[in-house]
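Take a look at the structure below.
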Amino acid sequence: MTAVQDPQTSSSNIAGFLARIADELPPACVMAQADQTRAFECDGLTLYREIPPVVLLPESETQVVAIVNACREFGIPIVPRGAGTGLSGGATPHPHGVVVGMTRFNRILRIDPEACTAVVQPGVRNLAISEAVAPCGLYYAPDPSSQIACSIGGNVAENAGGVHCLKYGLTVHNVLRVRVVTIEGEIVELGGEAPDSPGLNLLHVFIGSEGMLGLATEVTLRLIPRPQLARVVMASFPSIELAAQGVARIIADGVIPAGLELMDKRSIHMVEPFVHAGYDMDAAAILLCESDGTPEEVVEEIERVEALLHDVGATRLQTSSSEAERLKFWAGRKNAFPAAGRISPDYYCMDGTVPRRRLAEVLRAITGMEKQFGLRCANVFHAGDGNLHPMILFDGNLADEVDRAQAFGAAILELCIEAGGTITGEHGVGIEKIEQMCIQFSRAELDAFAAVKRAFDPCGLLNPLKVIPTLARCAEYGKLHVHRGDVPFPEIPRF
Ligand SMILES: Cc1cc2nc3c(=O)[nH]c(=O)nc-3n(C[C@H](O)[C@H](O)[C@H](O)COP(=O)(O)OP(=O)(O)OC[C@H]3O[C@@H](n4cnc5c(N)ncnc54)[C@H](O)[C@@H]3O)c2cc1C
């Protein structure tokens, strides 16, 4: 397995750090034995592992401030961690740093049904919020497939998305305020309870910053009323092209569905024997399109969607007739990741976004790459957003397959860029996509990112080695991207 490269800090600092922190944190919050810290060696991107020398599980904001101050004093890198479900290695430990796990920040502090807001600690699970506010007729819209486990702090750091984000927006559109401990040990509040705040919009700089700008300790969320009704249309297609055309037609017709997801044949065959969702095993692709709102709105929208999909060439159309059936249709989609475990020892889930009009051609190209890399790939994804999640199936016990899976993943990301898209949809860059950052962005753009990072974290201790590649790294990758209009650039400081 690949380890994180380029340690920046001497391991001897750790001993001094531990002695210093002992006054601030009770022993139950400190883990420094490998048998304890091994559990934190990776996040959902298990290809990259590093046993952290120290894991800290603070219980209060005062303790977080104490940790940050001690890390600054000893020059120790800090890797914030939520539930560890990230798929891009954002929470992968630094070899000489501390992992600061925020799972004990697990309280919902306030629910305001009139303002439709909730104030929560960052370790609260995404789904727990919707469950807690359900009696008020409200829910929290961004719903990653990992919502049963992932934390709101991780969602904020990754700007997480989900099935409902096409209509209701990503995390960035549903967070009003974040309270942050900075690397200086100060507590700042970004955003506010009001819909807009004066000054520069630092809230939106922080959301999606992957633990590189500060530690979130409190989050105010926007809640929305639960729709009176939701129904889902399941459409089978004889080809991926027709399914992609279905996506385009729905959007072009002015319908913004509550969810619009596509599964290819391999995904259908992977999921159906596991979940028994009633998927059409003869289909080359299945489209799931959800409508929500008042009963009248839903009936009208469903009729439109059915007509459009029929027109495009759907071979089978089935609309959920009860809430239980709607959940059954979604259960297949939501369980695609666990289902992969039934047919392959490992999977590597990629995350790239392409313009919707290029969906079919990109999916065909990915299928073509299966032969090139000698590995299978299943596609199940947020079609309405053009956000692909190719799942490369491999056996991690075979070094050669690991290498091929990584090369296949890199090729998919480069394909997304070529198609006019991006290397991230919702999983972030972390360490996984750091090399493709060299292709996606010019040096001047990367320098601008580094300058923002330095403004928040001048000593470069917050989640170092993630997201922003150094000039040397881009040169090593052989992808020194020079955009038109680029001027010669200086090497950025390493952090
Ligand atoms: C089966 C499966 C399905 C998934 N489906 C989706 C999906 O549909 N949509 C989607 O967007 N993602 C999805 N993901 C990815 C993942 O769940 C999200 O990225 C999620 O937001 C990570 O949350 P976490 O609490 O696990 O964070 P972690 O993995 O622990 O950390 C993620 C990043 O957040 C930082 N961080 C965590 N907490 C804090 C904090 N308090 N302050 C500052 N930085 C912090 C970390 O440093 C790291 O960079 C999926 C993952 C899995 C395993």
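The values are calculated or read from the model by the stated rules, or taken from the named source; none is laboratory data. The model shown is predicted, which means the values in this text are computed figures rather than measured ones. Cβ placement follows ideal geometry from the backbone for every residue including glycine, while neighbour counts extend to all protein chains displayed.
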>> Residue under question is GLY384, and the condition is that it be touching a strand residue (DSSP E or B) at 6+ places or on another chain (Cβ under 9 Å) and surrounded by fewer than 19 Cβ atoms within 10 Å (Cβ to Cβ); does it hold?
In response: no
>> Quick check on my filter: what residues within segment 209-250 are over 30 Å from LEU109 (Cα atoms), surrounded by fewer than 18 Cβ atoms within 10 Å (Cβ to Cβ) and under 25 Å from the mean Cα position of the chain (by Cα)?
In response: ALA248
> Considering only segment 415-441, how many residues are outside any helix (DSSP H, G or I) and either in contact with a strand residue (DSSP E or B) (Cβ under 9 Å, 6 or more places away or on another chain) or buried (at least 17 other Cβ atoms within 10 Å of the Cβ) (or both)?
Replying inline: 18
>> Among the residues of segment 40-96, what is the count of those that are of a type in the set (D, E, K, R), within 8 Å of the ligand (Cβ to nearest atom) and assigned to a loop (DSSP other than H, G, I, E, B)?
In response: 1
> Which pairs have Cβ atoms under 7 Å, sit 6 or more apart or on different chains, and link a residue in segment 328-351 that is touching a residue at least 60 places away in the same chain (Cβ under 8 Å) to one that is small (Gly, Ala, Ser) and within 11 Å of the ligand (Cβ to nearest atom)?
Replying inline: LYS334/SER145; PHE337/SER145; ASP351/GLY425
>> Restricting to segment 366-382, name every residue that is modelled with pLDDT of 95 or more and among the aliphatic types (A, V, I, L, M).
In response: ILE366, MET369, LEU375, ALA378
> Which of the following residues is buried (at least 22 other Cβ atoms within 10 Å of the Cβ) and either within 14 Å of the ligand (Cβ to nearest atom) or closer than 30 Å to CYS349 by Cβ (or both): TYR168, TYR140?
Replying inline: TYR140
>> Quick check on this structure: which one of VAL299, VAL305 is β-branched (Val, Ile, Thr), in contact (Cβ under 8 Å) with a residue 40 or more places away in the chain, touching a strand residue (DSSP E or B) at 6+ places or on another chain (Cβ under 9 Å) and more than 16 Å from the ligand (Cβ to nearest atom)?
In response: VAL305
> Does any residue of segment 174-188 turn out to be buried (at least 22 other Cβ atoms within 10 Å of the Cβ), more than 21 Å from LYS453 (Cβ to Cβ) and within 9 Å of the ligand (Cβ to nearest atom)?
Replying inline: no
> Identify, please: which residue in segment 63-108 is polar (S, T, N, Q) and within 19 Å of VAL178 (Cα to Cα) and is, among those, surrounded by the most Cβ atoms within 10 Å (Cβ to Cβ)?
Replying inline: GLN63
> Considering only segment 272-299, how many residues are within 27 Å of the chain's Cα centre (by Cα), hydrophobic (A, V, I, L, M, F, W, C) and within 21 Å of LEU166 (Cβ to Cβ)?
Replying inline: 6
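Would you mind finding the one in GLY246, GLY214, GLY254 that is within 16 Å of the ligand (Cβ to nearest atom) and of a type outside the set (Val, Ile, Thr)?
GLY214
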>> Could you check segment 155-182 and list, in sequence order, the residues that are in a loop (DSSP other than H, G, I, E, B) and among the aliphatic types (A, V, I, L, M)?
In response: ALA160, VAL163, LEU170
>> Please go through segment 97-114 and give me each residue that is away from the ligand (no atom under 13 Å from the Cβ) and in contact with a Cys (Cβ under 7 Å, 6 or more places away or on another chain), ordered by number.
In response: ILE111, PRO113
>> For segment 125-154, which positions are closer than 14 Å to GLY82 by Cα, in contact (Cβ under 8 Å) with a residue 40 or more places away in the chain and part of a helix (DSSP H, G or I)?
In response: ILE152, GLY153, GLY154
> Failed condition for THR117, given (1) surrounded by fewer than 23 Cβ atoms within 10 Å (Cβ to Cβ); (2) within 11 Å of the ligand (Cβ to nearest atom), with all others met?
Replying inline: (2)
